[in-house]
Structures are given as structure tokens and as C-alpha cells.
Amino acid sequence: MPESRSCSVVDDSRAPRAAARRTPEGSGFAVREAGHGAEALETCRAARAESGPDRPLVVPRTTGAGLERVVEALRAGAQEYVMKPCDEAILRGKLAQAGLLPPDERP
């Protein structure tokens, strides 16, 4: 049985969340949505405290003006990040870099 994969998509706006969830859903991820980045960071910190430094894998997506948010996310335990705007190829590439896509799904 294949390993269950899930992810959270966090964005302040509903439309970008809906667009961002298409790529992981298309690769078989169960997707949760959240509208607030601070909540996502706290969830990440709690997961790290419970599961250690390697799980869950975290790939935040942020605006170019949000470089301080990238640093904050990396300190909270993110392994990678994606700068907005990004298309499906960029997002799939980052998921592949993080080891979240099987070889037959990698770009």
C-alpha cells in the first residue's frame, strides 16, 4: 500500500490557496488549507517538537517581499521554500527536491 501523503496550503487569499492546492492534489496528496501563516508556523514548530527535525517535510511559498518569512520558516523547520508567483513546474520541482514526489512523478 503506498505511503499516505498530505500537505497544508496556506495563503491569506482563497483564490491563491485553491490554485496552489491543484499541484499536490494532482500528485495524490491530501490537502488541508489555512488562511494564516502564523498558524502554519506554529503547527510546524509543534510537529518538529513531536516528530524531530526530518518530518514533516515543509516547503513554504512566500512573496519576494517576504524574505524574512522564508528565514522564519527555515528556523521553524522548513526544508525548502518557493517564491511567489510560481507555476506548477516550479512547485513540482521543489516537491521533488524535498523528496516528496516519487521518481516517476518528478519533472
Would you please name the residue that is surrounded by the most Cβ atoms within 10 Å (Cβ to Cβ), looking only at residues in the stretch 70-85 that are assigned to a loop (DSSP other than H, G, I, E, B) and out of contact with any helix residue (DSSP H, G or I) (no Cβ under 8 Å at 6 or more places or on another chain)? Gln79
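So that you can scan it fast, the table gives a plain yes or no per residue for (1) in a loop (DSSP other than H, G, I, E, B); (2) surrounded by 15 or more Cβ atoms within 10 Å (Cβ to Cβ); (3) within 14 Å of the chain's Cα centre (by Cα):
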{"position": "Val9", "(1), (2), (3)": "no, yes, yes"}
{"position": "Glu25", "(1), (2), (3)": "no, no, yes"}
{"position": "Arg32", "(1), (2), (3)": "no, no, yes"}
{"position": "Cys44", "(1), (2), (3)": "no, yes, yes"}
{"position": "Arg48", "(1), (2), (3)": "no, yes, no"}
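Throughout, read-outs are computed from the coordinates displayed, never taken from laboratory work. Quick caveat: nothing in here was measured; it's all calculated off a predicted structure. Positions of Cβ are backbone-derived with ideal geometry, glycine not excepted, and every protein chain shown enters the neighbour counts.
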